[in-house]
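This report refers to the structure that appears directly beneath it.
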Amino acid sequence: MTINPDLQGRSYPAAEVYDVGREKIREFARAVKATHPAHFDVEAAQALGHSDLVAPPTFAIIVAQRADARLIEDPDSGIDFSRVVHADQRFTHHRAIVAGDQLRAELHVDGVRAMGGGAMITTRSEITDADGGPVATTISSILVRGEGQ
């Protein structure tokens, strides 16, 4: 199956809420070797003016990838995940992610470009908090290899 070129411009509304917990932040920080005390100690985070533990900047990928999965799982997309290569990831933070946040991500397909037998797909996840306030924007590009590539 080939990639559906009509994906460009499509949006996937925010679905499930992702509850940011202290242990999730600590585990992620350990996994990415982030050592700042504000990721582990509530008092250190509060000394910096935050209400609770602060997530490392790349923590937003957890929420963004849940939104990306909706595109990958869409049978109309034509995406075979076994043929996907992650090409690029960028983050714009509107505020820090902290423990206690309840986050949602709306996914937008900003680009679909044919490349040989495959396609480069660029998506944007708009991550918001429980009040709808902006938290982060992530831009992701994936290459879906064509048959025989």
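The values are calculated or read from the model by the stated rules, or taken from the named source; none is laboratory data. Owing to the predicted nature of the structure, the values given are computational and were not obtained by experimental measurement. Reconstructed Cβ throughout: ideal geometry from the backbone, glycine too, with neighbour counts over all protein chains shown. Heads up: the accessible areas ignore ligands, DNA and RNA and are worked out on the full protein's heavy atoms, side chains in. Shrake-Rupley method; radii C 1.70, N 1.55, O 1.52, S 1.80 Å.
Some points to look at:
- Condition check for Tyr12 on (1) touching a strand residue (DSSP E or B) at 6+ places or on another chain (Cβ under 9 Å); (2) over 30 Å from Ala114 (Cα atoms): one failure, at (2).
- Wholly within the stretch 76-149, strands (runs of 3 or more DSSP E) carrying at least 2 residues that are basic (Lys, Arg): 102-115
- Verdict on Gly100 being in contact with a strand residue (DSSP E or B) (Cβ under 7 Å, 6 or more places away or on another chain), farther than 18 Å from Ala14 by Cβ and not β-branched (Val, Ile, Thr): no
- Within the stretch 1-52, restricting attention to residues that are within 30 Å of Ser77 (Cα to Cα) and part of a helix (DSSP H, G or I), the residue that is modelled with the highest pLDDT is Leu7.
- For the stretch 17-25, the condition holds for no residue, the condition being that it is open to solvent by less than 60 Å² (accessible area, probe 1.4 Å) and over 21 Å from Asp131 (Cβ atoms).
- Gln65, sole failed condition from (1) in contact (Cβ under 8 Å) with a residue 12 or more places away in the chain; (2) surrounded by fewer than 17 Cβ atoms within 10 Å (Cβ to Cβ); (3) within 22 Å of Leu143 (Cβ to Cβ); (4) in contact with a strand residue (DSSP E or B) (Cβ under 9 Å, 6 or more places away or on another chain): (1)
- Filtered residues of the stretch 43-54 (kept if out of contact with any Gly (no Cβ under 8 Å at 6 or more places or on another chain) and open to solvent by 10 Å² or more (accessible area, probe 1.4 Å)): Glu43, Ala44, Gln46, Ala47, Leu48, Gly49, His50, Val54
Residue by residue, here is whether (1) without any contact (Cβ under 8 Å) to a residue 60 or more places away in the chain; (2) surrounded by 19 or more Cβ atoms within 10 Å (Cβ to Cβ) holds:
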position: Gly111; (1), (2): no, no
position: Arg124; (1), (2): yes, yes
position: Ile127; (1), (2): no, yes
position: Ala136; (1), (2): no, yes
position: Ile139; (1), (2): yes, no
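- Looking across the stretch 68-86, the residues that are open to solvent by less than 60 Å² (accessible area, probe 1.4 Å) and hydrophobic (A, V, I, L, M, F, W, C) come down to Ala69, Leu71, Ile72, Ile79, Val84.
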